[in-house]
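J.: Let me begin by handing over the structure; questions about it come next.
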Amino acid sequence: MAQFETTPSSGKLKGDSSRPQLKSKCRVTYSEVFSNREAILLVLVCTARYRQPNQDEYMNREQEQTINVMLVDDHKSMLWGLERLIEGEYPRMHVVGKAHNRLEAISGAYALQPHVIVLDLELDGESGLDFLPELRASGDTRVLVLTGVRDTNTLEYAIIRGACGIVLKASPPETLIKAIECVNRGELWLDRATTARIFDTLTNSNGQSDPEAKKIGALTPKERKVVSAIVTMRGAKSHEIAQTLYMSDHTLRNHLTAIYSKLGVRNRIELVIYANENKLV
């Protein structure tokens, strides 16, 4: 049975669980100009709001319901810091649970029914992208991605998979607090830099969707390092590559199995060819 950490409530929660739903204001049909993937991204970006809470919102926070937050990260120090940051905003928000991997995250989402899940994309060899839809399906829960990944394909894929917002780990702490409030209201949170990168991808694609973008975007940062090592150390034995990456042979094999499945290749030779053709290294 999966184990996840729960956090005792700091007080009585106020209000009900009803929240506004994310609704698109764009009534234009984009399919004539963009691919399905691009149309989805463009509609989402068009509905994103870029504003800071005004003074009235700050004054009325005492009357708002407490936002229940679940944290998903495989680093205990990161979980500790995030919990302290969010609990410092009580009663506006409260950490109801923490998870370290996929199984704990899904179990916690169903058991705790948090309003917002803050999800790291890289979880000790697992990709948060793989189970993000399962977290969304657990109930009226919104997923906010907190990541150090800046790869456009990965961030695009996170949005398509159901993320309601993306916050880079290099952002100031107050950015995460604002993002949690924003997605809890039913809005989409994207910083201007991320939005600019997505629009750049759309406008430079000439209406043609890259068939490999989804595959590449599904790779975790650690899996990308494995691909890079395989390409640059072509001909090296597995244990030599594993040592270079500071991992065991077994862990390397697990990563390669996941990479082969995501990219649709069968062995290291095909992986090297694929990586060179798609400029992964």
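J.: Looking only at segment 223-281, how many residues end up being more than 18 Å from Asp130 (Cβ to Cβ) and among the aromatic types (Phe, Trp, Tyr)?
T.: The total comes to 2.
J.: Moving on to the next point. Out of all the residues in segment 138-173, which are of a type in the set (Gly, Ala, Ser), modelled with pLDDT of 90 or more and in a loop (DSSP other than H, G, I, E, B)?
T.: Ala163
J.: Test each condition in (1) outside any helix (DSSP H, G or I); (2) at pLDDT below 80; (3) in the same structural domain as Leu129 (by TED's automatic domain parsing) for Ala193 and report the one that comes out false.
T.: (1)
For every residue, the table says whether it meets (1) hydrophobic (A, V, I, L, M, F, W, C); (2) surrounded by fewer than 18 Cβ atoms within 10 Å (Cβ to Cβ); (3) over 17 Å from Ala218 (Cα atoms).
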{"position": "His94", "(1), (2), (3)": "no, no, yes"}
{"position": "Glu134", "(1), (2), (3)": "no, yes, no"}
{"position": "Ala137", "(1), (2), (3)": "yes, yes, yes"}
{"position": "Val145", "(1), (2), (3)": "yes, no, no"}
{"position": "Thr152", "(1), (2), (3)": "no, yes, no"}
{"position": "Ile166", "(1), (2), (3)": "yes, no, no"}
{"position": "Ala170", "(1), (2), (3)": "yes, yes, yes"}
{"position": "Glu174", "(1), (2), (3)": "no, yes, yes"}
{"position": "Gly186", "(1), (2), (3)": "no, yes, yes"}
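J.: Still on this structure: I'd like the full set of residues that are touching a helix residue (DSSP H, G or I) at 6+ places or on another chain (Cβ under 6 Å) and either in contact (Cβ under 8 Å) with a residue 60 or more places away in the chain or in a helix (DSSP H, G or I) (or both), limited to segment 245-261.
T.: Asp249, Leu252, His255, Ile259
J.: On to the next question. Can you find a residue in segment 142-156 that is in contact (Cβ under 8 Å) with a residue 24 or more places away in the chain, in contact with a Lys or Arg (Cβ under 7 Å, 6 or more places away or on another chain), of a type outside the set (Phe, Trp, Tyr) and under 18 Å from His115 (Cα atoms)?
T.: Yes, segment 142-156 contains a residue that is in contact (Cβ under 8 Å) with a residue 24 or more places away in the chain, in contact with a Lys or Arg (Cβ under 7 Å, 6 or more places away or on another chain), of a type outside the set (Phe, Trp, Tyr) and under 18 Å from His115 (Cα atoms).
Conditions (1) more than 20 Å from Leu121 (Cβ to Cβ); (2) in contact (Cβ under 8 Å) with a residue 60 or more places away in the chain; (3) aliphatic (A, V, I, L, M), marked per residue:
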position: Leu71; (1), (2), (3): no, no, yes
position: Glu83; (1), (2), (3): no, yes, no
position: Arg92; (1), (2), (3): yes, yes, no
position: Val96; (1), (2), (3): yes, yes, yes
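J.: I need the full set of residues from segment 262-281 which are without any contact (Cβ under 8 Å) to a residue 60 or more places away in the chain and not hydrophobic (A, V, I, L, M, F, W, C), in order please.
T.: Lys262, Gly264, Arg266, Asn267, Arg268, Glu270, Tyr274, Asn276, Glu277, Lys279
J.: If Ala236 passes every condition in (1) among the small types (Gly, Ala, Ser); (2) under 20 Å from Glu126 (Cβ atoms); (3) in a loop (DSSP other than H, G, I, E, B) but one, which one does it miss?
T.: (2)
The values are calculated or read from the model by the stated rules, or taken from the named source; none is laboratory data. Computed from a predicted structure; not experimentally measured. With ideal geometry, Cβ positions are generated from the backbone for all residues, glycine too; neighbour counts draw on all protein chains shown.
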